[in-house]
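Just below is one structure, and these are the notes that go with it.
The values are calculated or read from the model by the stated rules, or taken from the named source; none is laboratory data. Nothing here was measured: the structure is a model prediction, and the numbers come from that model. For neighbour counting, all protein chains shown are included, and Cβ atoms are generated from backbone atoms with ideal geometry for every residue, glycine included. These accessible areas exclude ligands, DNA and RNA; they are computed on the full protein's heavy atoms, side chains included. Shrake-Rupley method; radii C 1.70, N 1.55, O 1.52, S 1.80 Å.
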Amino acid sequence: MEKAILWLRERGMSRAQKKAGRTAAEGVVQVHVNDAGSAGVLVELNSETDFVAKDANFMAFANAVAANALSSGADDVEALAATDIDGATVEQARQALVSKIGENIQVRRVSRLKSANNIGAYVHGGRIGAMVDIEGGDGELAHDIAMHVAALNPEYIDVDDVPAEVLEKEKQFLVAQAAESGKPPEIIEKMVTGRMRKHLSSITLLGQDFVKDGDVTVAKLLKQNNASIKGMHRLAVGEGIEKKQENFR
């Protein structure tokens with residue numbers, strides 16, 4: 001029996017290694033938050049096809065991995081891979097699942113958020129997950145802000161969080177764009193100032209119009225509820241992965 005188990009593990013590892021080079025850009029994002037709302041994790045797991053991403057075995061594995069990430073405190077994929085699932089490590093369970101399903105499966109990213117306040121979480125269609133740390137407000141507000149982050153993908157919380165080099169690069173682009181209008185320098189300066197303000201509103205959480213009510217910004221919504229944002233995380237399945245393009249012509 002022990003030899004059989006060893007053979008199966010070695011066979012699973014061999015199959016996993018052979019499939020490791022294949023692009024896995026489908027999958028799911030799982031979110032787990034503890035009962036106290038003081039810690040939460042987002043975990044992205046990838047498969048080659050959307051069909052496998054909906055498979056019960058894959059979903060069970062994804063749920064177990066996310067639960068491990070929350071309970072173990074693992075904050076990177078390497079540490080998470082060494083945690084246990086039913087007597088095997090996450091990495092061993094992944095290899096076994098690759099052997100069983102026949103696709104490359106990867107635990108790609110884990111994102112952890114700790115809070116002394118209130119974590120709100122939201123997952124859209126199993127493919128986009130977001131968490132926010134809110135001081136003040138209530139659970140409904142935290143959930144709504146997490147939903148907003150999932151939907152509109154703000155790059156930064158506030159203008160003060162935008163790096164100086166990002167600001168300068170955008171300003172140079174807007175100056176060059178406005179200069180093509182042939183307008184006087186003082187007019188160009190006003191144009192750039194206005195466009196810069198609009199751009200910053202679009203990439204910052206507090207500057208964006210609230211997804212459920214376009215008449216108020218997120219900043220105004222938070223102020224109305226005596227709340228503030230302390231942190232946010234967002235993951236979307238496959239972002240940054242270059243998918244293989246098939247040409248059937």
>> Per 0.36 nm of contour for each residue apart, how much would the distance between H124 and N34 grow if the chain were fully extended, relative to their Cα-Cα spacing?
In response: 30.5 nm
> Computed FRET efficiency, Cβ-Cβ of D55 and T23, R0 22 Å: what is it to the nearest 0.05?
Replying inline: 0.75
> Taking 0.36 nm per residue of separation and subtracting the Cα-Cα distance, what length does fully extending K220 through M1 add?
Replying inline: 72.4 nm
>> Rolling a 1.4 angstrom probe over the protein chains, ignoring ligands and nucleic acids, what is the accessible area of D209 in square angstrom, nearest 10?
In response: 80
> Rounded to the nearest 0.05, what FRET efficiency do T89 and A67 have when you use their Cβ-Cβ distance and R0 = 22 Å?
Replying inline: 0.90
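Taking the Cβ of I85 as the centre, find all other residues whose Cβ is under 12 Å away and add up their charges (Lys, Arg: +1; Asp, Glu: -1).
-2
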> With all protein chains present and a 1.4 Å probe, how do H148, H124, H199 order by accessible area, largest first?
Replying inline: H124, H199, H148
> So how far apart, in nm, are the two label points at V211 and I241 if each is 7 Å from Cα heading toward Cβ?
Replying inline: 2.2
> Which value, in Å² rounded to 10, gives the accessible area of E91 with a 1.4 Å probe and all protein chains present?
Replying inline: 60
> Any idea how far the Cα center of segment 120-165 sits from the one of segment 43-74, in Å?
Replying inline: 22
>> Using 10 Å bins from zero, what percent of all Cα-Cα pairs in the chain falls into each bin?
In response: 7, 25, 26, 21, 14, 6, 2, 0, 0
> Extension gain D138-K183, at 0.36 nm per residue separation less the Cα-Cα distance, in nm?
Replying inline: 11.2 nm
> Which whole-number value in Å² is the accessible area per residue of the chain, probe 1.4 Å?
Replying inline: 57
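On a 26 Å Cα-Cα criterion, which of the cross-link pairs K198/K220; K54/K212; K171/K223 come out too long?
Beyond 26 Å: K54/K212; K171/K223.
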>> Over the chain, what is the relative contact order in percent, taking alpha-carbon pairs closer than 8 angstrom and at least six residues apart?
In response: 22
> Listed highest first by mean packing, meaning other Cβ atoms within 10 Å per residue, what order do 227-233, 170-176, 64-70 come in?
Replying inline: 64-70, 227-233, 170-176
